[in-house]
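Structure, as structure tokens:
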Amino acid sequence: MRQIHEFHVDSTRYLDDHGKPPGELPPQAGNTIRVLAAYRNMVLTRTFDSKAIALQRTGKCGTYPSVLGHEVVGTAIGQGMAKSDVFVPYYRDQAAHLLRGVSLTELLLYWGGDERGSAWQNCPEDLPISVPIATQCCHAVGVAAAMKIRDENRAVVCCIGDGGTSKGDFLESINLAGAWHLPVVFVVINNQWAISTPRSLQSGAETIAQKAISAGLPGHIVDGNDYFATVEALDTALDRAHGGKGATVIEAVTYRLGDHTTADDATRYRTAEDLKRAWEKDGIKRLQNWLHDNGHWSPDKEKSLQAECKQTVERAVEKYLAMEAEPPTAMLDYLFETLPAALQPQREQIASKYRGGDL
Amino acid sequence: MSRAKRSIETRDVTLVEAVNMALHRAMADDANVVVLGEDIATNGGVFRATVGLKEAFGFKRVMDTPLAENLIAGTAIGMATQGLRPVAEFQFMGFIYAGMEQIVSHAARMRNRTRGRLHCPLVFRAPFGGGIHAPEHHSESTEALFAHIPGLRVVIPSSPQRAYGLLLAAIRNPDPVIFLEPKRIYRAVTQSVEDNGEALPLDTCFTLREGDDVTLITWGACVQETLQAADKLAEQGVSCEVIDVATVSPLDRETLLCSVAKTGRAVIVHEACRNGGVGAEVAASIAEGAFLDLQAPVVRVTGYDTIMPYYRNEQYYLPQVEDIVKAVEQVIAL
Amino acid sequence: MKNFKLPDLGEGLPEAEIVEWHIKVGDTVDVDQVLVSVETAKAIVEVPSPQAGTIAKLYGEPGDIIHTGEPLLAFEGEGDDTGTVVGELKSSGKGDGNGAQQDQFIVGAAPSSKRARANRATPGVRALAERLGVGLETIKGSGPGGLITTDDVHKQASHQKQLGDAEPLRGTRRTMAKNMALSHAQVVPVSIFEDVDIGDWKKGTDITMRLVQAIGKACQVVPELNCWFDGDNLSRQLLNEVHVGIAVDTPEGLFVPVLRDITHRSQKDLRQGLENLREAVATRKIPPKEMQGATITLSNFGTMTGQYANPIVSPPQVAIVGAGRIRDKVVPYNGTATIRRILPLSLTFDHRAATGGEASRFLGAMVQALNNAS
């Protein structure tokens, strides 16, 4: 027997649980403006998240999936991507969406039962939130293939959870990304839970990153609560993609600090101790500590940031609540570019039920 | 690429050759048209529908994919959101089901769920239907599955000319089209077709033969048996109007209702099994819209509600000319 | 069978009505033999055979309207018979030397089916209509989806009782009705009137030619009225050449053949041209293209009765001149009341395309041109 190939999977972490760097930081840590912008986005995301849950609890929003615990990796994605790149999200990517240009009002509209919540004005090429698990991976390679066919220097970032990597869509897509050498970065946000199913039951593989190896791609693990580790991984993978060097899989390890959605009760399947331990690794607190330790932050600054974020969210909520629902005929108006004659009678029927048929 | 590059010529072609001709024309006309699927590039497709495309347009636009139908569907959707016009081939309709989630949950919904921000101008081609002595999983007709899905068009050509004109229309259409090719008649008929780039309209039936006594409504390969039945019936003095539905969803009810208003009788012929088939929708539409014109119950001649038998018995499953003649005699008697 | 489809007989004419078949099923015809006379928007056209062969089927009866591109008749010939299917991917056997046929089909419903669909009624209503002697095809249904109701039948019956049977408009009269309604819906018409003293004209002066030439003069003075106007895009095209449409009244309805480029032709030439057009109209053999492309119209109703009118502007044109009946009138002439010959003129113009001042100057220029003895 002889060894044909040897594979390895790296893992990166720069900050400990308290935000102290045991070793040298990557160059990204020197860009204070970018780091402060990242911190602001994380705080805004978390402020929005708690407000969205409150809206759901008071009957003003539909079922909503909390992004608690994903703020760091989402922010790194949003910062790593160029404006001309295309983001292919799953459904817990609020932090990344905000940096891409999706408005808070649009996010509320989407979860508040209004299709206009995906008609994003500021990032018209990003794909909409994908609910069917892992299906978005196939779209990501399609978008990347389109870029390659047209010789464009652009890349795709595709998000997926740890549960999603059990689906064929993920495996088929990383396989194609390897075979066709596509400019795409898969970010697996391993938050340890697929609703109630723990990571250990998803796969017997020691890591998710190693699935990349089967597709001929590099797979890296990063501490998903460590801003410097995640943003460095994203910058590196996107450089590779833009440089024509192909695809990367990043496994960002974090923890889902909230319920799966507002319709879920995580206390049914996980212990309070588990959750407490996870909170001790919270990435936002970690980055705040680091900013403090390096003289970039103060309690006053924190207070005014919190107030600003709260105000931004309140304004978005007001706008969302003030928006009237679309006329119900909209359910047919966007089905095809032009409504086929066969469907016209159904449209008239819908219109007749609405405000005396005046549509 | 300009339109002028491909010359206009008239050729005698079979249905599968007309598909090939339309693909060549569409790719020459529009650089956004790309073709992908299993064995479609170097091999030219297992039925040769894509032969010559790789040589004419290169690997970049004519792509052999890994063997994963779900991936083919999803990749085409991703490409389409970026303004490409992918034409993806499923090698047989029996293998399209792996791509169902992508087709139903994404291709059909992209325009609606983004309120027109993104859309899917793509075509999913698949040979379908029985009668070629193929192994199992290669002979089914499940167009009704797709006809049931809002946001999809389901188009079935039944002659070389309609294959050419309808495929061009499908590719140029800004929304997803499931284009099902009746492989039993892939090479059964040769017609003179002008490669002029002219599309035929979607969402409309085609009246193949005018008649007064009964309307025969069909699509796909069954158009052949239905025309033969109409010939036989003509010898008996029964004048049949023959309608090729062509776009089975959305259904051109108006043409069907007009014809039934004239004849007062309808016989629906399709190869797919009966239960929940497109024929049921046709029959219901006639009941709702032409009840007053009917002189006899609407009758269906279809495949049976069972698994498509392996090929030794497939001719007992497929509607035969005699079955159609019998059904017409039954409604004419009333 | 091989269908012969109705070709486009004019510039994009959408339909034609069958007037008379010159052949019947079973006849053998030669290439170019006249098959049928059809009436298009403004003329009767004879359609020749594209091939030699035997007639297998006629797709309509006199009075039926056939749309361009739909089958008109069929020749006998090889069908697409492919035999039975026994299981293998059947080949058409291209090498058999038979030559491939072109596909034949109608997009959507056949004309005969559309006609059938137009008369939707319950069996009870049909029976009632038959009893009252009312044709369902004469009724536009007021029920849901155009369904003909008992009320509709009763109304039509009492209508028929009072007024007799209604006759559906066909051909030129039908086109006139459509075009006039269209014009009325679009154009913003303003009319002005003036009398022209033609007492100095020589005996035997060709009135129509004088009018045509006066229009030509006026168009040179005020080109804004020799113009095509596009109300949808709010654009206009001032034209160099003047093509005058001459309204011709016939028992079948209004014809407007076009006298071309009148400012560059002699009066004699124009008169001959007009005679040719009138002859073509009288025998109903005028080709559609001879009635297209007018830039302004003259309606000379003075040969009949009437002084002034507000004739209807036909878009894209923007003006129409009406000439009334010439009469002797007592008018001031050189300071005394004198009997003079007076030609009453009307000018209607589309106020979307031209101003009142332009129209007034145009009429003035016409009056001036007509005042001269020759």
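The values are calculated or read from the model by the stated rules, or taken from the named source; none is laboratory data. Keep in mind that this is a model prediction, so the values were computed, not measured. Don't worry about glycine lacking a Cβ; one is built from the backbone with ideal geometry, like all the others, and counts go over all protein chains shown.
Taking B:D39 as the residue in question, decide whether it is more than 14 Å from chain A (Cβ to nearest Cβ) and acidic (D, E). For B:D39, the condition - more than 14 Å from chain A (Cβ to nearest Cβ) and acidic (D, E) - is met.
Which residues, counting only those in the range B:260-284, are under 16 Å from B:E143 (Cβ atoms), surrounded by fewer than 23 Cβ atoms within 10 Å (Cβ to Cβ) and small (G, A, S)? Scanning the range B:260-284 gives B:G276, B:A280, B:A283. Looking across the range B:192-207 at every residue that is surrounded by fewer than 24 Cβ atoms within 10 Å (Cβ to Cβ) and not in a loop (DSSP other than H, G, I, E, B), the one that is farthest from the other protein chains (Cβ to nearest Cβ) is identified as B:E194. Spot the failing condition for A:S84; the list is (1) assigned to a loop (DSSP other than H, G, I, E, B); (2) under 27 Å from A:L335 (Cα atoms); (3) within 14 Å of chain B (Cβ to nearest Cβ); (4) in contact (Cβ under 8 Å) with a residue 24 or more places away in the chain, and only one is missed. Only one criterion is unmet by A:S84, namely (2). Among the conditions (1) touching a strand residue (DSSP E or B) at 6+ places or on another chain (Cβ under 7 Å); (2) surrounded by 17 or more Cβ atoms within 10 Å (Cβ to Cβ); (3) among the acidic types (D, E), C:E358 misses just one, which is (1). Looking across B:Q161, B:Q191, one residue alone is in contact (Cβ under 8 Å) with a residue 12 or more places away in the chain and more than 17 Å from the chain's Cα centre (by Cα). It is B:Q191. The strands (runs of 3 or more DSSP E) located wholly in the range C:288-342 that include 1 or more residues which are within 28 Å of C:P14 (Cβ to Cβ) and among the aliphatic types (A, V, I, L, M) occupy C:296-300, C:319-323. In the range A:88-130, what residues are more than 8 Å from chain B (Cβ to nearest Cβ), aliphatic (A, V, I, L, M) and assigned to a loop (DSSP other than H, G, I, E, B)? Within the range A:88-130, A:V102, A:I129 qualify. Beta carbons closer than 8 Å, at least 6 apart along the sequence or on distinct chains, pair a first residue in the range A:132-153 that is without any contact (Cβ under 8 Å) to a residue 12 or more places away in the chain and part of a helix (DSSP H, G or I) with a second that is surrounded by fewer than 20 Cβ atoms within 10 Å (Cβ to Cβ) and not basic (K, R) for A:A146/B:G83. A:G295 meets the conditions (1) more than 30 Å from A:L15 (Cβ to Cβ); (2) not in a helix (DSSP H, G or I) in every case but one. The failed one is (1). Remark: C:D80 falls outside the filter, which requires a residue to be at pLDDT 80 or above and either surrounded by 18 or more Cβ atoms within 10 Å (Cβ to Cβ) or facing another protein chain (nearest Cβ under 9 Å) (or both).
Every listed requirement among (1) among the aromatic types (F, W, Y); (2) in contact with a strand residue (DSSP E or B) (Cβ under 9 Å, 6 or more places away or on another chain); (3) within 10 Å of chain B (Cβ to nearest Cβ) is met by A:F170 save one, (3). I need the full set of residues from the range A:153-165 which are surrounded by fewer than 19 Cβ atoms within 10 Å (Cβ to Cβ) and either within 13 Å of chain B (Cβ to nearest Cβ) or within 20 Å of the chain's Cα centre (by Cα) (or both), in order please. Those that are surrounded by fewer than 19 Cβ atoms within 10 Å (Cβ to Cβ) and either within 13 Å of chain B (Cβ to nearest Cβ) or within 20 Å of the chain's Cα centre (by Cα) (or both): none in the range A:153-165. In the set (1) out of contact with any Lys or Arg (no Cβ under 6 Å at 6 or more places or on another chain); (2) among the aromatic types (F, W, Y); (3) under 16 Å from A:V187 (Cβ atoms), the condition left unmet by A:F87 is number (1).
Scan the range C:142-166 residue by residue and report those that are buried (at least 19 other Cβ atoms within 10 Å of the Cβ) and either facing another protein chain (nearest Cβ under 9 Å) or not in a strand (DSSP E or B) (or both).
To start, the set of residues in the range C:142-166 that are buried (at least 19 other Cβ atoms within 10 Å of the Cβ) comprises C:148, C:152-153, C:156.
Correct list: C:D152, C:V153, C:Q156.
When every residue of the range B:49-69 is checked against the conditions, at least one turns out to be under 23 Å from the mean Cα position of the chain (by Cα) and within 14 Å of chain C (Cβ to nearest Cβ). Taking the criterion of being assigned to a helix (DSSP H, G or I) and either surrounded by fewer than 24 Cβ atoms within 10 Å (Cβ to Cβ) or more than 10 Å from every other protein chain (Cβ to nearest Cβ) (or both), the residues of the range A:173-187 that qualify are A:I174, A:N175, A:A177, A:G178, A:A179, A:W180. For the range A:326-347, residues that are surrounded by 13 or more Cβ atoms within 10 Å (Cβ to Cβ) and not in a loop (DSSP other than H, G, I, E, B) total 9. Of everything in the range B:164-173 that is away from chain C (no Cβ under 11 Å) and in contact (Cβ under 8 Å) with a residue 60 or more places away in the chain, the residue that is surrounded by the most Cβ atoms within 10 Å (Cβ to Cβ) is B:L167. Assessment of the range A:28-48 against the conditions (among the basic types (K, R), surrounded by 12 or more Cβ atoms within 10 Å (Cβ to Cβ) and closer than 22 Å to A:A209 by Cβ) yields no matching residue.
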